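The values are calculated or read from the model by the stated rules, or taken from the named source; none is laboratory data. Everything quoted here is computed from the prediction, not taken from an experiment. FYI the Cβ positions are ideal-geometry reconstructions off the backbone, even for glycines, and counts take in every protein chain you see. Protein only, heavy atoms only, side chains kept; ligands, DNA and RNA dropped before computing areas. Shrake-Rupley method; radii C 1.70, N 1.55, O 1.52, S 1.80 Å.
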Amino acid sequence: MTEKLISINNLSKEFLVNNNKICILKNINFNIFKGDVISISGPSGSGKSTFLNILGLLDSVFNGTYDFLNFNVNHLKSNEKNIIRNKSIGFVHQFFYLIPELTVLENVSLPNLILNNNMKKSNDLAKEIIVNCGLENQMHSKPTYLSGGEQQRVAIARALINNPELIIADE
């Protein structure tokens, strides 16, 4: 049997806009198992990014329960969420969020460096991923010198470096 990665029960999210409550997510229930590939689609403004931010532990203001790897994450402290995100969740954000002062190698290796505090190991792993993403000639370039597609591949490489249990790609 495949291990459960995520369990969501009665998840709801509301925003207050001009003293009006806007319900963006309402009573969502589902499970995701390791190895599942899930696509979330809908019109602009329908709550897709909000939902992904909840799954990625970036947004913790919601109703309902969220279990990640059979562990309830509803009441985790900020530093506990940071540890889980770095180790177990890889992000490819809509706008990539690469650090412009860092090279491709440094951007990709940073999450692993934070995880294991070993520069050589992090750089070696990052180099391997960068080559696999077809960016070996851009390894020492800064993001501003890359095309949009190359920046996207850097963001993907960065998301993969810690071999996460969950990869969230927002568009």
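Across the stretch 86-100, what is the number of residues that are within 14 Å of Q151 (Cα to Cα) and open to solvent by 40 Å² or more (accessible area, probe 1.4 Å)? Quick ask: steps written out before the conclusion?
Here is the first cut: in the stretch 86-100, the ones within 14 Å of Q151 (Cα to Cα) are 91-100.
Applying the additional criterion that residues be open to solvent by 40 Å² or more (accessible area, probe 1.4 Å) yields 93-95, 97, 99-100.
Within the stretch 86-100, residues that are within 14 Å of Q151 (Cα to Cα) and open to solvent by 40 Å² or more (accessible area, probe 1.4 Å) number 6.
Step by step: first the residues of the stretch 11-37, then only those that are touching a Phe, Trp or Tyr at 6+ places or on another chain (Cβ under 9 Å) and among the aliphatic types (A, V, I, L, M), then the one that is nearest to K81 (Cα to Cα). Which residue is that? Reasoning before the result, please.
At the first step, the residues of the stretch 11-37 found to be touching a Phe, Trp or Tyr at 6+ places or on another chain (Cβ under 9 Å) are 11-14, 21-25, 28.
Checking which are among the aliphatic types (A, V, I, L, M) leaves us with 11, 22, 24-25, 28.
Values: L11: 18, I22: 26, I24: 23, L25: 22, I28: 22 Å.
By that ranking, first place goes to L11.
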Based on what the data block shows, is S88 over 21 Å from the mean Cα position of the chain (by Cα) and among the hydroxyl-bearing types (S, T, Y)?
no
Going through the stretch 107-141 one residue at a time, which ones are in contact with a helix residue (DSSP H, G or I) (Cβ under 8 Å, 6 or more places away or on another chain) and of a type in the set (D, E, K, R)?
K121, K127, E136
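Mind checking which residues of the stretch 22-37 are more than 14 Å from N10 (Cα to Cα) and either of a type in the set (S, T, N, Q) or surrounded by 11 or more Cβ atoms within 10 Å (Cβ to Cβ) (or both)? Give the derivation first.
Within the stretch 22-37, the subset more than 14 Å from N10 (Cα to Cα) is 22, 32-37.
Result: I22, I32, F33, K34, D36.
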Can you report the number of residues in the stretch 145-171 which are free of Cβ contacts under 8 Å to residues at least 60 places away in the same chain, open to solvent by 50 Å² or more (accessible area, probe 1.4 Å) and in a loop (DSSP other than H, G, I, E, B)?
2
Are any of the residues in the stretch 68-85 under 16 Å from the mean Cα position of the chain (by Cα), open to solvent by less than 40 Å² (accessible area, probe 1.4 Å) and among the acidic types (D, E)?
no
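So if I check each of L115, L102, L146, L110, which one is modelled with pLDDT of 95 or more, more than 14 Å from the chain's Cα centre (by Cα), among the hydrophobic types (A, V, I, L, M, F, W, C) and closer than 17 Å to P164 by Cα?
L110
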Just one of (1) under 14 Å from the mean Cα position of the chain (by Cα); (2) surrounded by fewer than 16 Cβ atoms within 10 Å (Cβ to Cβ); (3) at positive phi; (4) not polar (S, T, N, Q) trips up D59, so point out which.
(3)
